[in-house]
Amino acid sequence: MEKFNFVAVIIVLLMYIESVKSEIPLAPALYVFGDSIFDSGNNNVLPTLAKADFKPYGSNFDGGRATGRFTNGKTVADFIAEFLGLPFSPPYLSLRGSLKLTGLNYASGSCGILPYTGNFIGKCLHFSEQVDLFERTVERELPRKFNDPEEFSSYLSRSIFVVSTGSNDYVNNYLQPNIYGTSKRYTPDSFAKLLVDALSQQLQRLYRLGARKIIMFEIGPIGCIPSFTKKLRHNGRCNEEYNALAVIFNNQLSEMLKNLTSTLQGSAFILGHGHWLGYDAIINPSAYGLMDPTSPCCITWGNGTSACIPELEPCGDADKHYFWDGYHLTETIYRVIATKCFNGTSLCIPKNIKELVED
């Protein structure tokens with residue numbers, strides 16, 4: 001009987017240790033930067049047409065709450081937070097009360113790498129402005145939460161930073177010749193170089209501010225979004241000419257990230273190699289459990305080419321759709337991307353997030 005009790009105590013103790021371990025986050029914080037793919041509410045408080053703070057956005061999020069996320073549910077950043085054991089990173093501009101130590105979200109819809117991208121839609125935070133806000137966080141707000149600089153430095157170096165930006169520099173700039181002259185001034189290669197060079201400068205700023213583990217996602221297959229496919233002539237499901245622009249950028253991005261990792265001591269710049277998956281899910285939807293890889297789930301302005309029309313009922317099977325509105329994807333696709341980036345071998349390279357946090 002005593003032996004049985006001893007074994008039972010050991011089992012309970014091991015179960016307790018495992019439960020405590022599962023409650024400890026894999027990283028101290030998740031910091032989020034980028035555009036509407038990651039925006040969780042910053043644009044709610046900015047004077048812009050690029051907003052998602054109304055239904056049907058958020059139809060499948062936390063009981064149907066429209067938070068400012070440009071999708072029906074969670075974003076890639078939200079899933080990554082969950083996998084790390086962290087709460088969702090709150091939007092910086094909507095922050096009330098004391099600063100959270102588990103991360104912040106600076107992403108802003110319609111913006112890009114270049115400061116003038118998307119400005120015809122309204123005010124948004126371009127990437128360097130987001131880094132400016134993070135700099136303010138690091139220099140003025142976070143230090144008071146730590147006892148000494150070494151502890152603070154360790155916290156930043158162990159935190160995960162995710163970035164998704166660049167697609168709007170094409171969608172809301174280069175491919176808008178009636179508004180911007182960039183497509184006349186730059187070849188596809190030179191425009192990609194302009195973007196990647198500017199991006200590199202900001203990623204190096206993040207490094208100087210203490211970031212060490214940074215995941216930068218590729219631009220997806222922009223030639224497949226309904227905003228273009230429903231307006232332009234094309235063969236097949238996508239405009240491959242537009243997709244080729246994204247590939248040029250992504251190839252230069254990959255080399256730039258490798259270069260930063262090799263030159264900045266202690267850094268790991270990870271490529272979120274998601275373009276292929278996004279394209280594959282459109283061409284082979286059934287492999288991803290999708291029924292409709294081309295049309296938005298919600299009823300949009302411009303006959304399926306723009307944002308959701310407020311308060312109109314969306315489709316009843318968002319999980320079978322690739323696109324939520326004329327630009328953005330459903331939670332279903334974001335979950336696949338985040339899961340493969342977290343523990344797969346082919347999406348986030350050269351390390352997945354699980355490997356990254358163990359370094």
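The values are calculated or read from the model by the stated rules, or taken from the named source; none is laboratory data. These figures come from a predicted structure and were not determined experimentally. Here the Cβ is made from the backbone with ideal geometry for all residues, glycine too, and neighbour counts use every protein chain on show. Areas reflect the complete protein model, heavy atoms only, side chains present, ligands, DNA and RNA absent. Shrake-Rupley method; radii C 1.70, N 1.55, O 1.52, S 1.80 Å.
Structure summary
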{"read-out": "Inter-label distance for N284 and R136, nm, one decimal - labels placed 7 Å from Cα along Cα-to-Cβ", "value": "4.7"}
{"read-out": "Equivalent ellipsoid dimensions for the chain as semi-axes, Å, which come from the Cα gyration tensor, largest first", "value": "34, 25, 20"}
{"read-out": "Nearest-20 debye value, region 92-155 charge dipole, Cβ charges on Lys, Arg, Asp, Glu", "value": "360"}
{"read-out": "Solvent-accessible area of R335 with every protein chain in place, 1.4 Å probe, in Å² to the nearest 10", "value": "100"}
{"read-out": "With every protein chain in place, the chain: carbon and sulfur % of accessible area (1.4 Å)", "value": "55"}
{"read-out": "Percentage relative contact order, region 304-359, counting C-alpha pairs under 8 Å, at least six apart", "value": "22"}
{"read-out": "Max mean-square fluctuation residue, GNM over the chain, Cα-Cα springs under 10 Å, options P149, P314, P285", "value": "P149"}
{"read-out": "About the Cα centre, charge dipole magnitude for the chain (Lys/Arg +1, Asp/Glu -1 at Cβ), debye", "value": "400"}
{"read-out": "Two-site FRET efficiency, N251 against L101, from Cβ-Cβ distance with R₀ of 35 Å, rounded to 0.05", "value": "0.40"}
{"read-out": "Net charge over other residues, Cβ less than 10 angstrom from the Cβ of C124 (K, R count +1; D, E count -1)", "value": "-2"}
{"read-out": "Summed side-chain charge close to L356 - residues other than L356 whose Cβ falls under 13 Å, Lys, Arg +1, Asp, Glu -1", "value": "+2"}
{"read-out": "Accessible area expressed per residue, the chain, with surrounding protein chains retained (probe 1.4 Å, Å²)", "value": "45"}
{"read-out": "Under the span-like rule (Cα at least 27 Å along the axis, Kyte-Doolittle mean at least -0.5), DSSP H helices of the chain", "value": "2-23, 188-208, 240-263"}
{"read-out": "Residue among I349, I24, I333 with the largest mean-square fluctuation in a Gaussian network model of the chain, springs linking Cα atoms under 10 Å", "value": "I24"}
{"read-out": "Residue with peak Gaussian network fluctuation, the chain [Cα springs, cutoff 10 Å], from K55, K123, K184", "value": "K184"}
{"read-out": "Net charge, T182 excluded, C-beta distance under 14 Å - Lys, Arg +1, Asp, Glu -1", "value": "+1"}
